[in-house]
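**Student:** Supplied in structure tokens, the structure appears directly below.
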Amino acid sequence: MAQIPNLDNSPLNLKSLREQSQRDLVKILKDIRGKKCLVIEPKLGGSLSLIIQTSLLKEYGIELRHLSAEPVQTDCTKVVYLVPSQRDLMKFISSHVHNDISKGLQREYYIYFVPRREIQCEKILEEENVHHLMTIGEYPLYVVPLDEDVLSFELDLAYKECQVDGDTGSLWQIAKAIHKLESSFGVIPNLRAKGKASVLVADILNRMQTEEPVSSSDMAVPEINTLILIDREVDMVTPMCSQLTYEGLVDEFLRINNGSVELDSSVMGVQQEGKKMKVPLNSSDKLFKEIRDLNFEVVVQVLRQKATSMKQDYTEMTTTNQTVSELKDFVKKLNSLPEMTRHINLAQHLSKFTSKPSFLAKLDMEHTIVEASSYDICFEYIEEMIQKQEPLINVLRILILFSVTNSGLPKKHFDYLRRELLHSYGFEHMATLNNLEKAGLFKKQESKSNWLTVKRALQLVVEDTDTANPNDIAYVFSGYAPLSIRLVQHAVRSGWRPMEEILKLLPGPHTETKRGRFASNPSFDTLQSASNGIDKIADGRRSLVLVVFVGGVTFAEISALRFLSAQEGMAYDLIIGTTKIVNGHTLAETFLGTSG
Amino acid sequence: MANVSVAAEWQLLYNRYYRKPELYPMRWKHMDLSRNKVACAPFGGPIAVIRDDSKIVQLYSESALRKLRIFTSSGALISETVWKHPGGRLIGMSWTEDQTLICIVQDGTVYRYNVHAELIEPNVSLGKECFEQNVVECMFWGNGVVCLTEGGLLFGIPDFKVMSPCQLAETGAEDLPNCMAVIEPKYTVSGNVEVLVGVGDGILIVDEDGVQRVEGEAVQGPVQKMVVSWDGKYLAIFTHDGRILVTDINFKGVLLEYNCESALPPEQLAWCGLDSVLLYWDDTPLLMVGPRGDPVHYFHDEPLVLIPECDGVRILSNTSMESLQRVPDSTVSIFKIGSTSPAALLYDALDHFDRRSAKADENLRLIRSSLPEAVEACIDAAGHEFDVSRQRTLLRAASYGQAFCSNFQRDRIQEMCKTLRVLNAVRDPEIGIPLSINQYKLLTPSVLIARLINAHRHLLALRISEYLGMNQEVVIMHWACSKITASLAIPDATLLEILLDKLRLCRGISYAAVAAHADKNGRRKLAAMLVEHEPRSSKQKRPPLEFFGMIQARPLPRDLFISYARCYKHEFLKDFFLSTGQLQEVAYLLWKESWELGKNPMATKGSPLHGPRIKLIEKAQHLFSETKEHTFESKAAEEHAKLLRIQHELEVSTKQAIFVDSSISDTIRTCIVLGNHRAAMKVKTEFKVSEKRWYWLKVFALATIRDWDALEKFSKEKRPPIGYRPFVEACVDADEKGEALKYIPKLADPRERAEAYARIGMAKEAADAASQAKDGELLGRLKLTFAQNAAASSLFDTLRDRLSFQGVS
């Protein structure tokens, strides 16, 4: 099964979007004649693996390399760099060039920036005195479809850059990505945004529409009805909680990268010592599509049932006479056998982690913090984690959860924990603490926390959650309904207006606007249910809501959105856009001070 | 009929008609092409003229200094400049695709001019060998050149956009070639330029990597002249015995052969489209040869310059510019004498209609069924027409016919009108770009607009891009920049008004680019004023970052500057923070520097390097203490400096470089692991490490070295402040059940006890403890842990039942 997701069932024509990106890349490579060495920044390479197969690239006379500090080893005289516009990468490239010059190698250099050129990067090339040797271009890859209903803008550091460094360049790119979608699918008439960065994105998007308008006349009805922008800043509680859906757990323990997970082949029952293998995880795998969004507890049951029924069929098959059509049915079932084994193996591997007492204790603690029931127990738990020198990221995750739900810690506790952190993990983490403080994730308490009010008003904690037959999104965290998704739920159902009071309690401003030719149409005021003719696209498909997470989204949240979308009485299909798929770990990692 | 006169001007070559309408009478005066070197750009581009210094000519009341003059295709002077370059004779001169004039002189220097006769620097040299050997011939194509030296070496510039010269393989031939032709890189398999060299008795194909001799029936004996067709697929060859041959570029088969009965090769040999070849000797009529039939002769009494185009040839003489092209099929079908094609009848019908004759209707009835194709032919023929009134008549015929067609694509006429309006506008002798419709389509409107703005025809360019619904930004932007360059005398404020007036025409235009241009022209103030007006979000954040004070007041550029400087210019950033009073930021930077100093692989640990590092940290501490809000940071820095000192001492005393840059906790652990309990204690007291942390650290450290006796002794030192849990955990983690059992019973909380027993697999004890705790949830959890063990599992069930029963009662 390919890692490139099959997009045939997508509610939007994402395939054409991906094909455009393929064509753009091929054109760049074709235009540079002859043999060439393509040097890709590794992370970008990962994103590209969702766009085009590397074997295809080789047809254009390409040697493929990953960008690193090491000089490029190749016989090609043309070197093509494909890199994101990151300043630190420019130093690598300049040092490669200097290295070639010192060895007397004459080469032609091309840099293609993804998705756009940055003057600052070119400035560095100029200062390194290599700019004049470069042919510079852009590869405008703004959107990468991860799956039928998930788009990524591939901006790993967007959240940290925005919150800590005040670098809003990524917001421009998000707006550009949405604007690109609009040029394919029509101007989105309704826009709701919550959070500082989201409102900025909305502003930039509106400005882009006046600067380079998408003509709305070509399309009778825009395919996307509503755009909801949610800032990660609004809800930092959810990503810090351990995800309990199948896909979420795989990501927590094994890391899903670009739609696949890398495992020891022994996990998958292949007897090859120490060899790693990649398992693609997307909806082309029918079984995965069925179970990815379920609570892990239920997944184990479902898999067990399936295995049992298959075994039963097999026994029947071998003991009794079967008609041809029955045989056919059986063979059809057999086809799903590889998928079954794959997920049984994977689930078994996961349960090794989930059955550990430490994991259960952590879940317990997360729930205690979210319920805000016992400050002291939580504080002592964290204190002990630090003193035992548990992995720093684990500590930061729960510390952020604790600080955010309490609107910071009293000064005495704040200083105490900071000191314990520095003593246990080293003084270089002063920068980490500084980053967290700037982002408001671990700070001194300045006002009373309103978490309890928010929790109650939005019913974030749901008692007696039936994970097998859920009736609320809270099933994804076994009892906690993700705040971000509750907001989306309300935004879709009734807009921001009825919940202004609650929104004011959450960080950042919010806006609600009409756009395009609907801007001045008062009858189009509220987003009503599907009975309203305008909401349906001509061919009977449901119209779409695009939910964009500025700063990343977790798999568990995606699952919750899919759950919403599948509910009876839901008038819309939901499509998710995000700067990147994140989890508590990857988010917390970006704040580590020593890395940058 | 009026139509007769049209076809009367045509010449028949086998079964194809050719026509040679005059495009312009030339506007220049007293031009004698034979005295000059002339370079004409295709696609109706400009003409460069300079006195030929390889010929002896008489000077008439003119300066001895040569002038390079640039004209439009209609002969209007665009610009001129005096030629006084060193380097010997001018050997080759040609226009590139983007209308840069390339001039190559004997010593291999390449001079470049734009259409305004302004030298584009730097000048490029073809290399040392060229300098020593002299260039004798240049072969150009749209985007490159190959030069031949006296020594028979070939050098080339494969891409004028890059301007890096290369040498081609040596032919090894003793004599200089008779003739040469180039196949441009885009038509070769290798993607590199290939040169066809007629030398000795045959033809060689030369590229960068090698030389290859050509085999084929077309090559029998020496070749005198060659030219490649514009699509790179065919080759015309003039042989030693006076024949003209056309062959496939791979020399497979002869497609045309004609004996010209001339021992001398023609001065010019050119393809006319892809259908015929033109041969020019200055003393005989211009000869046009096609694949079959008799050739056509065109008489001339002036020297000519042939300018090959994709669909014909333009013929330049001292007094006129003509276009020789094959008559398009649609035009033939309408105007051919005696034509009864539907299109001809439709054209005729319009004539009758205009004269109010009933025959109009009769004609229409005749062609009813084929009306759409007749309309299409009229539209197409109109497109190929240079004569405006004939364009109009043909389009009227089309629209007349269209009225009776039910299913014709109605916007075809509209589209053609649009195209023709554009073409007629640029063909105007004032502009002088005689594009045919085919050339226009190949060139594309955006390139045409780019050429117009390069020629400073901004108004026309603007009108055309507006008319075609294209982005006007390019035009306005270019205008604004040209305006700034040309307006040195206009004061900033006035110029700003003039610029804004036009910039406002185009929404979304980037003022920053214009500002950058102003800045480059030394008008910094104007640049700053322009940036203030920038409406575009993406560009606004890049004003010239000149003054800290200025950007401090503007959050967006400030943050951007900081993040840029953070990555690249530490010193600069420090100055900035100091100047704006953000002392804590400077402190963080210093701290970071000290950290990076430590990471420096050149600095071995334990060396006196800790000195400068500590100094940096102490400086940071000092800066932190300047502000009230940063007491914590200041203390932390103080502790860090102290830690580094202690770690350094430890490394010296233990002679092990394992301490520096580990944390306080790690340092304590390392000390204990090394058995140096006194040092561990010293670190503990020095940094006031809490008893709680101390217990965890020491217990874990002792477990690491599996010193269970020491652990037990430690547990008995005094009652541990956090109970015996650390001891249990350490033993369980180390898989030492026996050791763990020493401490589990001492755990105060029965729940903890239950879990600890469970972890080492003692179900019964776990169950007992749990039931003591009266915790049903815990029992359930423990049951899960023991799920595999049936006996244990039932044990938990019984207990839980009992518990819930208790709960009810």
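The values are calculated or read from the model by the stated rules, or taken from the named source; none is laboratory data. Computed from a prediction, not measured in an experiment: that's the story for all the values here. With ideal geometry, Cβ positions are generated from the backbone for all residues, glycine too; neighbour counts draw on all protein chains shown. The accessibility values were calculated without ligands, DNA or RNA, using every heavy atom of the protein model including side chains. Shrake-Rupley method; radii C 1.70, N 1.55, O 1.52, S 1.80 Å.
**Student:** Looking at segment A:368-382, can you tell me whether even one residue there is polar (S, T, N, Q), surrounded by fewer than 18 Cβ atoms within 10 Å (Cβ to Cβ) and within 14 Å of chain B (Cβ to nearest Cβ)?
**Tutor:** Kept after step one, since they are polar (S, T, N, Q), are these residues of segment A:368-382: A:368, A:373-374.
Pick out the ones that are also surrounded by fewer than 18 Cβ atoms within 10 Å (Cβ to Cβ) and you get A:368, A:373-374.
When the remaining residues are screened for being within 14 Å of chain B (Cβ to nearest Cβ), the result is A:368.
Yes: segment A:368-382 contains one or more residues that are polar (S, T, N, Q), surrounded by fewer than 18 Cβ atoms within 10 Å (Cβ to Cβ) and within 14 Å of chain B (Cβ to nearest Cβ).
**Student:** Sticking with this one: Could you tell me which residue of segment A:14-32 is modelled with the lowest pLDDT, considering only residues that are in contact with a Phe, Trp or Tyr (Cβ under 8 Å, 6 or more places away or on another chain) and either part of a helix (DSSP H, G or I) or open to solvent by 50 Å² or more (accessible area, probe 1.4 Å) (or both)?
**Tutor:** By that ranking, first place goes to A:Lys30.
**Student:** Output the qualifying pairs, or none if there are none: Cβ atoms under 7 angstrom, residues six or more apart or on different chains, first residue in segment A:359-384 and in contact (Cβ under 8 Å) with a residue 24 or more places away in the chain and on the phi > 0 side of the Ramachandran plot, second residue among the hydrophobic types (A, V, I, L, M, F, W, C) and crowded, with 16+ Cβ neighbours inside 10 Å.
**Tutor:** Between residues of segment A:359-384 that are in contact (Cβ under 8 Å) with a residue 24 or more places away in the chain and on the phi > 0 side of the Ramachandran plot and residues that are among the hydrophobic types (A, V, I, L, M, F, W, C) and crowded, with 16+ Cβ neighbours inside 10 Å, the close pairs are A:Ala372/A:Trp451.
**Student:** With the requirement that a residue be of a type in the set (A, V, I, L, M), in contact with a strand residue (DSSP E or B) (Cβ under 8 Å, 6 or more places away or on another chain) and in a helix (DSSP H, G or I), what does segment A:465-500 give you?
**Tutor:** A:Ala474, A:Val476, A:Leu487, A:Val488, A:Ala491, A:Val492
**Student:** Kindly evaluate A:His413 against the criterion of being in a helix (DSSP H, G or I), farther than 14 Å from A:Val237 by Cα and either more than 11 Å from every other protein chain (Cβ to nearest Cβ) or of a type in the set (Lys, Arg) (or both).
**Tutor:** yes
**Student:** Follow-up question, since we're still on this one. Can you pull out every residue in segment A:144-173 that is within 14 Å of chain B (Cβ to nearest Cβ), of a type outside the set (Lys, Arg) and touching a residue at least 12 places away in the same chain (Cβ under 8 Å)?
**Tutor:** Within segment A:144-173, A:Leu157, A:Ala158, A:Cys162, A:Gln163, A:Val164, A:Thr168, A:Gly169, A:Ser170, A:Leu171, A:Trp172, A:Gln173 meet the criteria.
**Student:** Hey, A:Lys35 hits all of (1) open to solvent by 30 Å² or more (accessible area, probe 1.4 Å); (2) under 23 Å from A:Gly259 (Cβ atoms) but one; which does it fall short on?
**Tutor:** (2)
**Student:** Being part of a helix (DSSP H, G or I), over 30 Å from B:Ile307 (Cα atoms) and open to solvent by less than 10 Å² (accessible area, probe 1.4 Å), is that true of even one residue in segment B:323-342?
**Tutor:** So the first thing to find is which residues in segment B:323-342 are part of a helix (DSSP H, G or I), and the list is B:329-335, B:342.
Still in the list and also over 30 Å from B:Ile307 (Cα atoms): B:342.
Filter once more, so that each one left must be open to solvent by less than 10 Å² (accessible area, probe 1.4 Å): none.
So far as segment B:323-342 goes, no, none of its residues is part of a helix (DSSP H, G or I), over 30 Å from B:Ile307 (Cα atoms) and open to solvent by less than 10 Å² (accessible area, probe 1.4 Å).
**Student:** Scan segment A:425-456 residue by residue and report those that are of a type in the set (Val, Ile, Thr) and surrounded by 22 or more Cβ atoms within 10 Å (Cβ to Cβ). Show your work before the answer.
**Tutor:** Here is the first cut: in segment A:425-456, the residues of a type in the set (Val, Ile, Thr) are A:432, A:453-454.
Answer for segment A:425-456, where residues must be of a type in the set (Val, Ile, Thr) and surrounded by 22 or more Cβ atoms within 10 Å (Cβ to Cβ): just A:Thr432.
**Student:** Here is a list: A:Asn206, A:Asn190. Which entry is in contact (Cβ under 8 Å) with a residue 12 or more places away in the chain, more than 14 Å from every other protein chain (Cβ to nearest Cβ) and not hydroxyl-bearing (Ser, Thr, Tyr)?
**Tutor:** Being in contact (Cβ under 8 Å) with a residue 12 or more places away in the chain, more than 14 Å from every other protein chain (Cβ to nearest Cβ) and not hydroxyl-bearing (Ser, Thr, Tyr) holds for just one of A:Asn206, A:Asn190, which is A:Asn190.
**Student:** Further question on the same structure: If A:Arg255 passes every condition in (1) within 26 Å of A:Leu14 (Cα to Cα); (2) out of contact with any Pro (no Cβ under 9 Å at 6 or more places or on another chain); (3) buried (at least 16 other Cβ atoms within 10 Å of the Cβ) but one, which one does it miss?
**Tutor:** Here A:Arg255 clears every test but (3).
**Student:** Could you grab me the full set of residues in segment B:98-129 that are outside any helix (DSSP H, G or I), more than 14 Å from B:Ile157 (Cα to Cα) and open to solvent by 20 Å² or more (accessible area, probe 1.4 Å)?
**Tutor:** Within segment B:98-129, B:Asp98, B:Gln99, B:Thr100, B:Gln106, B:Asp107, B:Asn114, B:His116, B:Glu118, B:Leu119, B:Ile120, B:Glu121, B:Pro122 meet the criteria.
**Student:** Please tell me if A:Val150 is closer than 29 Å to A:Glu366 by Cα and not assigned by the TED database to the domain that holds A:Glu19.
**Tutor:** So A:Val150 fits the description; yes.
**Student:** Next question, about the same structure. Tell me the helices (runs of 4 or more DSSP H) entirely within segment A:46-142 that contain at least 1 residues that are open to solvent by 50 Å² or more (accessible area, probe 1.4 Å) and within 12 Å of another protein chain (Cβ to nearest Cβ).
**Tutor:** Because the criterion is at least 1 residues that are open to solvent by 50 Å² or more (accessible area, probe 1.4 Å) and within 12 Å of another protein chain (Cβ to nearest Cβ), the helices (runs of 4 or more DSSP H) in segment A:46-142 that meet it are A:87-102, A:119-127.
**Student:** Anything in segment A:387-407 that is within 14 Å of chain B (Cβ to nearest Cβ) and in a helix (DSSP H, G or I)? List them, or say none.
**Tutor:** Result: A:Gln387, A:Leu392, A:Val395.
**Student:** Being in contact with a Pro (Cβ under 6 Å, 6 or more places away or on another chain), small (Gly, Ala, Ser) and more than 26 Å from A:Lys438 (Cβ to Cβ) narrows it down to one residue among A:Ala556, A:Ala566, A:Ala560; which is it?
**Tutor:** Only one candidate passes the filter, namely A:Ala560.
**Student:** Considering (1) touching a helix residue (DSSP H, G or I) at 6+ places or on another chain (Cβ under 6 Å); (2) open to solvent by 60 Å² or more (accessible area, probe 1.4 Å), say which one B:Phe43 fails and leave the rest.
**Tutor:** So B:Phe43 meets the others, but not (2).
To keep it simple, each residue is scored yes or no on (1) more than 23 Å from A:Leu417 (Cα to Cα); (2) buried (at least 17 other Cβ atoms within 10 Å of the Cβ).
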residue: B:Trp591; (1), (2): no, yes
residue: B:Ala641; (1), (2): no, yes
residue: B:His648; (1), (2): yes, yes
residue: B:Lys682; (1), (2): no, no
residue: B:Glu686; (1), (2): no, no
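**Student:** (1) part of a helix (DSSP H, G or I); (2) surrounded by fewer than 16 Cβ atoms within 10 Å (Cβ to Cβ): which one isn't true of A:Val299, the others all being true?
**Tutor:** (2)
**Student:** Might you check whether a residue that is away from every other protein chain (no Cβ under 14 Å), modelled with pLDDT of 90 or more and in contact with a Phe, Trp or Tyr (Cβ under 7 Å, 6 or more places away or on another chain) occurs anywhere in segment B:691-703?
**Tutor:** For segment B:691-703, residues away from every other protein chain (no Cβ under 14 Å), modelled with pLDDT of 90 or more and in contact with a Phe, Trp or Tyr (Cβ under 7 Å, 6 or more places away or on another chain): present.
**Student:** Could you list all residues from segment A:332-367 that are within 14 Å of chain B (Cβ to nearest Cβ) and open to solvent by 80 Å² or more (accessible area, probe 1.4 Å)? Give the steps one after another, and end with the answer.
**Tutor:** In the first step, residues of segment A:332-367 are kept if they are within 14 Å of chain B (Cβ to nearest Cβ); the result is A:348, A:351-352, A:354-364, A:367.
Listed by number, the residues that qualify are A:Gln348, A:Lys352, A:Lys356, A:Asp364.
**Student:** Right, here's the next one. If I filter segment B:254-264 for residues that are more than 22 Å from B:Val189 (Cα to Cα), polar (S, T, N, Q) and either open to solvent by 50 Å² or more (accessible area, probe 1.4 Å) or not in a strand (DSSP E or B) (or both), do I get at least one hit?
**Tutor:** yes
**Student:** Ok, one more. Answer with yes or no whether A:Glu182 is among the charged types (D, E, K, R), in a helix (DSSP H, G or I) and not assigned by the TED database to the domain that holds A:Lys78.
**Tutor:** Spelling it out, A:Glu182 is indeed among the charged types (D, E, K, R), in a helix (DSSP H, G or I) and not assigned by the TED database to the domain that holds A:Lys78.
**Student:** Additional query: Condition first: open to solvent by 30 Å² or more (accessible area, probe 1.4 Å) and part of a loop (DSSP other than H, G, I, E, B). Now tell me which residues in segment B:728-760 satisfy that.
**Tutor:** Of everything in segment B:728-760, those that are open to solvent by 30 Å² or more (accessible area, probe 1.4 Å) and part of a loop (DSSP other than H, G, I, E, B) turn out to be B:Asp735, B:Glu736, B:Ala748, B:Asp749.
**Student:** For segment B:704-727, give me the residue count where each residue is more than 10 Å from chain A (Cβ to nearest Cβ) and open to solvent by 10 Å² or more (accessible area, probe 1.4 Å).
**Tutor:** Number of matching residues: 16.
**Student:** Mind checking whether some residue in segment A:265-288 is charged (D, E, K, R) and modelled with pLDDT of 90 or more?
**Tutor:** Just the residues of segment A:265-288 that are charged (D, E, K, R), to begin with: A:273, A:275-276, A:278, A:285-286.
Filter once more, so that each one left must be modelled with pLDDT of 90 or more: none.
The answer is no, given that none of the residues of segment A:265-288 is charged (D, E, K, R) and modelled with pLDDT of 90 or more.
**Student:** With (1) more than 9 Å from every other protein chain (Cβ to nearest Cβ); (2) open to solvent by less than 30 Å² (accessible area, probe 1.4 Å); (3) free of Cβ contacts under 8 Å to residues at least 12 places away in the same chain as the list, and A:Leu422 as the residue in question, which single condition is left unmet?
**Tutor:** It fails just one condition, (1).
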